[in-house]
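Trainee: Just passing along the structure, written as structure tokens.
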Amino acid sequence: MSQMLVLFAALLGAGSSAAAQTQPGPAPAALQKSPDQQAQRRAQYLAKELGLSPEQQAKLQPILLAQGQDMRALRERVQTNGRQRGMGQDLKAAQARYTEQIRAVLTPEQFAKFEQLKEEQRDKLRERHANGPGLGARP
């Protein structure tokens, strides 16, 4: 389950997690980005990192929006009901579905780089987790 949460956090983007670590507690509502803004930001990041065409970026944004909304709903479900049996499987199935949708938009080379970026994010999150709360935060 912890690997699933790591994957979930990695897919939300490094920028939002870094901002969250520098602020104590949840960000004020005015500073939180809407799911659409988060998807747009993530699509722009991937466009830069993967060299996406404008058409690819336009196709990717709705996928990222749906993914973000699903992840937010799952996070709210965990906060409301606690962790429940089968949630890890639900998360794994959702991630597989979105990964395949993303694969359909990217070239094989771009997808390989996408997978590499995800692994790097997982590694960073594992390192932060291993260092304990607050110790792995960026300066």
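Trainee: In what sequence, highest mean first, do 63-69, 46-52 appear when ranked by Cβ atoms within 10 angstrom?
Mentor: 63-69, 46-52
Trainee: A further question on this structure: How much FRET efficiency would the formula 1/(1 + (r/R0)^6) give for Phe111 and Arg41, where r is the Cβ-Cβ distance and R0 is 22 Å, rounded to 0.05?
Mentor: Numbers: r = 20 Å, r/R0 = 0.93.
So the FRET efficiency works out to roughly 0.60.
Trainee: Which of the residue pairs Lys48/Lys118; Lys92/Lys113; Lys59/Lys124 have a Cα-Cα distance greater than 24 Å in the structure shown?
Mentor: Result: Lys59/Lys124 exceed 24 Å.
Trainee: Additional query: Can you find, among Ala47, Leu60, Gln84, the residue farthest towards the positive end of the dipole of region 33-131? Put +1 on the C-beta of Lys and Arg, -1 on that of Asp and Glu.
Mentor: Value: Gln84.
Trainee: Further, regarding this structure: Across region 68-75, in residue order, what do the Karplus-derived ³J(HN,Hα) couplings come to in whole Hz, using 6.51 cos²θ - 1.76 cosθ + 1.60 with θ = phi - 60° and x for Gly and Pro?
Mentor: Values per residue, Gly and Pro as x: x, 5, 5, 5, 5, 4, 5, 4 Hz.
None of the figures in this text is laboratory data; all of them are computed from the coordinates on show. The structure displayed is predicted, hence computed values, not measured ones. When we count neighbours, we look across all protein chains shown, and the Cβ atoms used for this are built from the backbone with ideal geometry, even at glycine.
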